[in-house]
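The values are calculated or read from the model by the stated rules, or taken from the named source; none is laboratory data. If you're wondering where the values come from, they're calculated on a predicted model, not measured in any experiment. When we count neighbours, we look across all protein chains shown, and the Cβ atoms used for this are built from the backbone with ideal geometry, even at glycine. Just so you know, the surface numbers come from the protein's heavy atoms only, side chains and all, with ligands and any DNA or RNA stripped out. Shrake-Rupley method; radii C 1.70, N 1.55, O 1.52, S 1.80 Å.
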Amino acid sequence: MAISLAQSTLFSKTSLFLRSSCNVLNRLTFCVPFSSSSASPLSTKKKWKPPVASVLELGGVKIAKDDVVRDDPTNNVPDTIFAKLGMQLHRRKQHPIGILKNAIFEYFDANYPNKFDTFDDLCPIVSVKQNFDDVLVPADHVSRSCNDTYYIDSQTVLRCHTSAHQAELLRGGHTHFLVTGDVYRRDSIDSTHYPVFHQMEGVRVFSPKDWEASGVDGTDYAAQDLKKCLEGLARHLFGAVEMRWIDTYFPFTNPSYELEIYFQDKWLEVLGCGVTEQEILKRSGKLDNVAWAFGLGLERLAMVLFDIPDIRLFWSTDERFTSQFSQGQLGVKFKPFSKYPPCFKDVSFWINESFTENNLCEVVRGVAGDLVEEVSLIDNFTNKKGMTSQCYRIAYRSMERSLTDEEINDLQWQVRDQVQNKLNVVLR
Ligand code: DAH
């Protein structure tokens with residue numbers, strides 16, 4: 001069952017929602033919107049905490065560290081993730097993510113003048129209710145696990161998708177909207193996965209008068225309109241490409257589809273979408289309406305449109321990267337400034353019951369940051385006593401410079417040390 005495709009990934013694993021265990025309580029919390037230019041009067045009747053005012057100021061957004069990295073048994077937000085909060089790459093006009101966002105806005109502006117409300121500074125700290133319950137993610141769905149999602153406490157998470165804002169905006173009376181934001185997922189490490197990435201969510205609500213004259217029912221009408229809208233968007237971004245619709249499953253839509261385009265000799269997933277589940281509309285007081293929704297991963301598309309080979313580059317402040325992009329210029333091809341050599345190091349250990357690859361990756365990122373390019377399982381065996389040994393290969397490579405042997409050896413020693421101490425595995 002895939003509920004996610006709009007991930008950081010371009011290719012391999014479709015869904016973080018597909019993996020693992022550990023449920024937490026679903027209690028009600030609230031969202032703290034950032035200072036908001038385009039923002040909505042989101043419903044704030046719930047218990048509200050004042051926005052915090054210290055510690056981090058990046059890209060104009062402040063979030064206090066102790067609001068995110070807390071001494072709570074469920075908290076699994078590392079400093080490396082906290083450091084990314086508030087960066088808001090999608091609000092930088094000269095950054096590929098911001099350029100792509102604006103190109104999508106341009107399409108909606110041209111085709112639906114002044115129709116869609118845009119939100120791009122809604123706070124990524126949301127309640128479990130917003131992130132999961134409000135969009136009908138089943139109580140036992142693996143996407144809720146602490147292996148896949150960053151929990152601040154048992155009731156509060158870093159949103160793992162922009163769908164987390166659908167219900168509150170519908171309740172707030174919005175009928176056409178686009179939400180862009182940074183989203184957070186625990187994941188494995190390779191050139192297309194990064195624990196922070198960006199999504200855009202779109203929703204359009206119809207009233208009976210919209211479809212009555214059409215001769216089809218509301219659901220068919222919305223599905224047809226959705227496909228037309230998104231095919232137009234794909235052409236706006238990619239030119240005259242071949243497209244196909246794939247039936248799929250999302251908890252929040254029925255029917256649900258993925259759009260794929262044939263681009264550079266491959267079928268590429270562009271987005272997930274569908275006709276909004278009636279229950280979501282009903283809960284927002286819209287009994288007679290029908291709606292469509294879509295969600296797309298911006299890195300995934302930007303990597304293809306700008307020829308960006310590694311997802312870490314989006315975070316680079318190296319001028320040789322940043323200076324290659326300009327406002328309004330979609331699809332300028334990135335010229336790699338140099339390809340520095342990778343260095344591979346292996347680490348083997350006997351795993352225990354709580355071991356997961358996501359936990360390992362977090363440890364490696366904690367030590368090596370963006371110097372780690374890939375972590376891959378290269379050997380796995382279980383002995384007669386039932387003990388399982390795994391060997392992971394870590395590829396270290398900087399996007400910006402050559403790494404010295406000494407530096408890499410030092411990183412690898414730290415990784416070994418922390419794997420042992422934090423994950424309680426026995427090194428081999
Ligand atoms: N939230 C989904 C994800 O993160 C993407 C998505 C799919 C959003 C379908 C939607 C939708 O609004 O209708 O993978």
Residue selected from region 270-291 under the condition closer than 12 Å to Ser163 by Cα and in a strand (DSSP E or B), by the criterion farthest from the ligand (Cβ to nearest atom): Thr276
With respect to Arg244, determine if the residue is away from the ligand (no atom under 12 Å from the Cβ) and either over 20 Å from the mean Cα position of the chain (by Cα) or in contact (Cβ under 8 Å) with a residue 60 or more places away in the chain (or both). yes
Of the residues in region 210-222, those that are within 14 Å of the ligand (Cβ to nearest atom) and either part of a strand (DSSP E or B) or open to solvent by 10 Å² or more (accessible area, probe 1.4 Å) (or both) number 1
Report, ordered by the first and then the second residue, all pairs with beta carbons closer than 7 Å, sequence separation of six or more or different chains, a first member in region 345-360 that is touching a residue at least 24 places away in the same chain (Cβ under 8 Å), and a second member that is of a type in the set (Ser, Thr, Tyr) and not in a strand (DSSP E or B). Thr356/Ser20; Glu357/Ser188; Asn358/Ser188
Which pairs have Cβ atoms under 6 Å, sit 6 or more apart or on different chains, and link a residue in region 320-341 that is more than 14 Å from Pro96 (Cα to Cα) to one that is of a type in the set (S, T, N, Q)? Tyr340/Ser398; Tyr340/Ser402
Selection over region 105-121 where residues are touching a strand residue (DSSP E or B) at 6+ places or on another chain (Cβ under 6 Å) and either under 18 Å from Gln199 (Cα atoms) or surrounded by 14 or more Cβ atoms within 10 Å (Cβ to Cβ) (or both) yields a count of 5
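May I ask you to list the residues in region 165-209 that are of a type in the set (Val, Ile, Thr), in contact with a Lys or Arg (Cβ under 9 Å, 6 or more places away or on another chain) and within 11 Å of the ligand (Cβ to nearest atom)? Can you show your working first?
At the first step, the residues of region 165-209 found to be of a type in the set (Val, Ile, Thr) are 175, 179-180, 183, 189, 192, 196, 203, 205.
Those left that are additionally in contact with a Lys or Arg (Cβ under 9 Å, 6 or more places away or on another chain): 175, 180, 183, 189, 192, 196, 205.
Listed by number, the list holds a single entry, Val183.
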Take Val142 and tell me if it is within 15 Å of the ligand (Cβ to nearest atom) and in contact with a Lys or Arg (Cβ under 8 Å, 6 or more places away or on another chain). yes
If we scan region 157-164, do we find a residue that is away from the ligand (no atom under 16 Å from the Cβ) and over 30 Å from Leu330 (Cβ atoms)? no
Region 255-268, residues that are farther than 20 Å from Gln166 by Cβ and near the ligand (Cβ under 10 Å from one of its atoms): none
Does Ser207 satisfy the condition of being in contact with a helix residue (DSSP H, G or I) (Cβ under 8 Å, 6 or more places away or on another chain), at pLDDT 95 or above and open to solvent by 10 Å² or more (accessible area, probe 1.4 Å)? no
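Please tell me if Gly232 is open to solvent by less than 80 Å² (accessible area, probe 1.4 Å), assigned to a strand (DSSP E or B), on the phi < 0 side of the Ramachandran plot and of a type in the set (Gly, Ala, Ser). Quick ask: steps written out before the conclusion?
Working: open to solvent by less than 80 Å² (accessible area, probe 1.4 Å): yes; assigned to a strand (DSSP E or B): no; on the phi < 0 side of the Ramachandran plot: yes; of a type in the set (Gly, Ala, Ser): yes.
Spelling it out, it is not the case that Gly232 is open to solvent by less than 80 Å² (accessible area, probe 1.4 Å), assigned to a strand (DSSP E or B), on the phi < 0 side of the Ramachandran plot and of a type in the set (Gly, Ala, Ser).
Just one of Lys93, Lys129, Lys101 is within 19 Å of Leu271 (Cβ to Cβ), basic (Lys, Arg), open to solvent by 10 Å² or more (accessible area, probe 1.4 Å) and touching a residue at least 40 places away in the same chain (Cβ under 8 Å); which is it? Break it down stepwise before answering.
Working: Lys93 fails: within 19 Å of Leu271 (Cβ to Cβ); Lys129 fails: within 19 Å of Leu271 (Cβ to Cβ).
Only one candidate passes the filter, namely Lys101.
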Identify, please: which residue in region 298-322 is of a type outside the set (A, V, I, L, M) and under 17 Å from the mean Cα position of the chain (by Cα) and is, among those, farthest from Ile261 (Cα to Cα)? Trp315
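Here's the yes/no breakdown for (1) in a loop (DSSP other than H, G, I, E, B); (2) surrounded by 14 or more Cβ atoms within 10 Å (Cβ to Cβ):
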position: Thr317; (1), (2): yes, no
position: Ser326; (1), (2): yes, no
position: Gln329; (1), (2): yes, no
position: Val332; (1), (2): yes, yes
position: Lys335; (1), (2): yes, no
position: Asp346; (1), (2): no, no
Determine, yes or no, whether Leu360 is of a type in the set (A, V, I, L, M), open to solvent by 50 Å² or more (accessible area, probe 1.4 Å) and not in a strand (DSSP E or B). no
Tally time: how many residues in region 388-412 are free of Cβ contacts under 8 Å to residues at least 40 places away in the same chain and under 13 Å from Ser348 (Cα atoms)? 1
Which of the residues that make up region 384-416 are touching a helix residue (DSSP H, G or I) at 6+ places or on another chain (Cβ under 9 Å), assigned to a helix (DSSP H, G or I) and either charged (D, E, K, R) or open to solvent by 80 Å² or more (accessible area, probe 1.4 Å) (or both)? Glu407
